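**Q** Provided herewith is a single structure, encoded as structure tokens, for subsequent inquiry.
Read-outs throughout are calculated quantities, based only on the coordinates presented, and are distinct from any laboratory measurement. All values reported here derive from a predicted model rather than from experimental measurement. Heads up, the Cβs are rebuilt from the backbone with ideal geometry, glycines too, and the neighbour counts pull from every protein chain shown.
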Amino acid sequence: MVINQTEQKESMVKKGWWLILLIIIFIFAPAFLSEFYLTVLCEALVMSLFALSFNLLFGYMGQLSFGQAAFYGLGGYTVAMLIMKAHFNFWLSIIAGVLVAGIIGLIVGFFCVRLRGIYFAVLTLAFGQLIFSVVFKWHNFTGGDDGIQGVFPPEFLKSPIAYYYFILIVFLLSAFVLWKIIHSPFGQTIISMRENSERTEFLGINIAKYQLITFVIAAAFAGLAGAIWVPFYRSVAPSYLTWIKSGEPVMAAILGGPSLFYGPVLGMFIMTFFHSWVLGFTIYWPVVMGALILVVIFFLPGGILGFIQEKVNQRRERLNQLVEK
Amino acid sequence: MSFDVLFSQFMSGIARAALLFLVASGLSLTFGVLRVLNFAHGSLYMLGAFLSYSIWKFLLMPVLGFYLAAVIAALIMGGLGIIIEFILLRRLYSRGWPEQLLATYAIILIITDLVKWAWGGEFLSISRPKPFTGAVFLFGFPFPSYNFFVIGLGIALVIFLWWLVYRTRFGDIIRAAASDREMVSALGIPIPWLFTWIFVLGAFIAGLSGAVTAPFGSVALGMDMEIIIECFAVVVIGGMGSLPGTLLGSFIVGEVYAFGIMLKPELAIAFIFMVMAVVLIIRPWGIFGRPER
């Protein structure tokens with residue numbers, strides 16, 4: 001795909017307008033939404049951050065992680081345990097959550113980046129389940145299957161609206177940082193590893209090192225998502241670390257379109273709101289999600305944004321052909 | 001530590017290894033030929049266990065009931081295998097592996113909810129079938145004789161798969177397809193048909209092994225995840241798609257688990273992962289596996 005410079009700039013300006021409009025909508029959203037939908041919106045934002053962290057690995061590095069929820073859960077558990085057991089400061093707890101997720105990510109990633117493709121997926125899944133089973137079985141320390149309840153944010157963040165703005169700010173800053181990472185030389189190197197790892201290696205780039213750094217960044221942002229979610233939800237449970245949870249960002253990326261930065265966000269918003277709607281009349285959400293996955297795989301390869309982009313490109317090509325005639 | 005304690009732990013490790021081989025061999029066989037990692041293999045195993053429970057209850061036959069129920073459940077799972085392969089996987093062979101993986105992941109979600117809806121969240125169990133109700137004494141130490149039934153079944157499956165893969169024409173085709181699919185297809189052998197049969201065989205083995213675990217008293221939701229994670233450890237250690245590797249991997253994981261439980265029960269599964277980590281550092285593609293690409 002060849003895009004010339006001016007066209008790229010033009011589309012960036014267009015994208016910029018969309019973003020500003022969206023941010024304005026998000027800032028005024030609490031005025032129009034009931035408390036229930038505000039909660040759903042908070043969840044959608046947190047899960048979108050989680051999905052963005054996952055897509056750094058999947059969409060850009062080209063490796064499918066099936067254990068990303070372990071880091072999300074670790075971030076959440078760190079915050080819950082520090083606040084509840086050590087009476088730690090809220091902000092320090094969140095930073096600690098990110099650090100713990102990043103450090104465990106470094107250990108897990110050390111093994112995982114040795115593998116590619118399906119092997120990478122299996123190993124991340126296995127490590128994810130290992131972390132889950134440690135949390136689940138270590139009852140004295142983590143509360144086992146009861147989880148930890150009663151995790152409160154500081155006084156000024158206790159109202160849902162205040163916490164919504166907190167989540168929004170964290171999400172926007174994180175998305176900006178991730179966007180910057182992807183568009184930095186480092187990010188371009190990751191993408192080139194996905195496109196052709198042998199050629200990249202011949203350029204003198206240590207692939208394992210770059211992949212490990214990416215893995216740690218992804219783990220840290222997943223940890224951040226978990227860390228800011230738990231004080232809002234007031235509790236944490238082992239189900240946060242299971243591979244069912246790990247499947248959600250995979251699904252969101254496939255649904256929205258993994259090749260585009262905002263694809264997973266769109267996918268996660270659709271999934272979260274769809275989820276809260278489906279739960280209104282059935283408890284069998286997983287079967288709905290399973291069916292949805294199959295529908296997307298068979299009928300929407302490339303995801304929603306991928307589909308739209310393809311249509312736009314086709315139209316542009318047709319226009320170009322008309323101009324040439 | 002006395003000899004009999006170690007020996008008894010070793011024997012329970014062997015029984016676990018046999019069970020792991022029953023499940024992991026189907027997973028490995030499917031991956032070796034189709035190059036599709038069936039995430040839902042554990043779900044087929046779980047569904048097989050629940051089905052055999054219901055069939056066993058329906059039959060109400062004192063001796064034959066269990067064996068009949070196990071075979072019927074396995075046959076039903078084989079039938080389900082045809083449906084899954086025909087409707088879903090067949091359309092995805094030309095696509096990337098992430099889509100194939102996700103499709104089998106979707107099957108997990110659907111089967112889990114199906115089981116929850118049909119059987120609920122209770123723990124079910126089948127009483128041990130005759131003549132495996134009692135204990136066998138080895139070196140004066142008692143072992144459940146049912147364990148020996150599972151070990152025997154594991155050995156029978158090893159021999160059957162070895163015979164199938166290395167001693168039959170079908171096995172020649174399997175091995176040829178595993179190494180060069182296009183060439184086999186060019187020789188006029190219908191690859192889609194081969195894939196269906198392999199997947200059905202895998203599903204049949206999964207259902208059978210699920211039915212066989214029922215007398216251990218652990219038919220419940222979540223048994224699928226428990227076994228599949230250990231099976232992943234087995235195939236990662238042994239090498240994905242390799243039958244000797246799966247056998248060795250099952251043995252290692254079964255024994256590590258058995259002795260791990262003796263040392264520290266909560267960390268038994270963690271010990272498995274430590275072994276896996278060591279293997280991965282030395283041979284990232286497993287002991288008997290071949291490097292990708």
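**Q** Report, in listed order, any pair from A:K137/B:K116; B:K116/B:K264; A:K245/B:K116; A:K180/A:K209 with a Cα-Cα distance greater than 27 Å.
**A** B:K116/B:K264
**Q** Now for a different question. For A:L92 and B:R91, what does the FRET efficiency come to when R0 = 60 Å and r is the distance between their Cβ atoms, rounded to the nearest 0.05?
**A** 0.70
**Q** Something else about it: Measure off 7 Å from each Cα along the Cα-to-Cβ vector at A:H139 and A:L19, then give the distance between these two points in nanometres to one decimal.
**A** About 5.0 nm, to one decimal.
**Q** Assuming R0 = 35 Å, what is the FRET efficiency of B:F160 and B:K264, from their Cβ-Cβ distance, to the nearest 0.05?
**A** Given R0 = 35 Å and the Cβ-Cβ separation, E is 0.45.
**Q** May I ask you to derive the relative contact order of the range A:34-241, considering only C-alpha pairs under 8 Å and at least 6 residues apart, and to give it as an integer percent?
**A** Averaging sequence separation for qualifying contacts and normalising by length gives 45 percent for the range A:34-241.
**Q** Count the net charge of all other residues whose Cβ sits under 15 Å from the Cβ of A:F111, scoring Lys and Arg as +1 and Asp and Glu as -1.
**A** Taking every Cβ under 15 Å from that of A:F111, the sum is +4.
**Q** Still on this structure: Using the alpha carbons of the protein assembly as shown, what is the convex hull volume per residue in cubic angstrom, as a whole number?
**A** 181 Å³
**Q** If we sort B:235-242, A:40-47, A:159-166 on the protection proxy, mean other Cβ atoms within 10 Å, highest first, what's the order?
**A** B:235-242, A:40-47, A:159-166
**Q** Give me the net charge of A:I207's neighbourhood, meaning all other residues with Cβ under 13 Å from the Cβ of A:I207; Lys, Arg count +1, Asp, Glu -1. Please report the intermediate quantities before stating the final value.
**A** On the way: positive: A:R114, A:R116, A:R194, A:R199, A:K209; negative: A:E195, A:E198, A:E201.
Combined, the nearby Lys, Arg, Asp and Glu give +2.
**Q** Continuing with this model, one more query. Would you tally the net charge around B:G249, using a Cβ to Cβ cut-off of less than 13 Å, leaving B:G249 out, and scoring K and R as +1, D and E as -1?
**A** Cβ neighbours under 13 Å give a net charge of 0.
**Q** Would you mind getting me the FRET efficiency between B:T168 and A:F281? Use the beta-carbon distance for r and R0 = 60 Å, nearest 0.05.
**A** Computed FRET efficiency for B:T168 and A:F281: 0.70.
**Q** Same structure again: Amide H of A:L300 versus every other amide H placed in the peptide plane: which residues, excluding those fewer than 5 positions away on the same chain, fall under 5 Å?
**A** For A:L300, no residues qualify.
**Q** Where in chain B are the helices, taken as whole DSSP H runs, whose Cα atoms extend 24 angstrom or more along the long axis and whose Kyte-Doolittle mean reaches at least 0.5?
**A** Taking the DSSP H segments of chain B (at least 24 Å long, mean hydropathy at least 0.5), we get B:3-34, B:41-59, B:64-87, B:97-119, B:145-167, B:191-213, B:243-263.
**Q** Continuing with the same structure: Fully extended, how many nm does the chain gain between A:N313 and A:L99 (0.36 nm per residue separation, minus their Cα-Cα distance)?
**A** This chain segment gains 72.9 nm when fully extended.
**Q** Can you tell me the orientation of helix A:5-32 relative to chain A, as the angle in degrees between its alpha-carbon axis and the longest Cα principal axis, to the nearest 10?
**A** Tilt relative to chain A: about 30 degrees.
**Q** Mind checking the angle between helix A:35-55 and chain A's longest principal axis? C-alpha axes, 0 to 90 degrees, to the nearest 10.
**A** Value to nearest ten degrees: 60.
**Q** Label-point separation (nm) for B:A135 and B:W193, each offset 7 Å from Cα along Cα-to-Cβ?
**A** Inter-label distance under the simple model: 5.4 nm.
**Q** Right, something else. Hey, what number do you get for chain A at 222 nm if only DSSP H runs of n ≥ 4 count, each worth -39500 (n - 2.57), divided across all residues, to the nearest 500?
**A** The per-residue figure over chain A is -26000 deg cm²/dmol.
**Q** Please list, by residue number, everything in the range A:85-106 whose backbone N is under 19 Å from a paramagnetic label point 7 Å out along Cα→Cβ of A:K158.
**A** Residues passing the 19 Å test: A:85, A:87-91.
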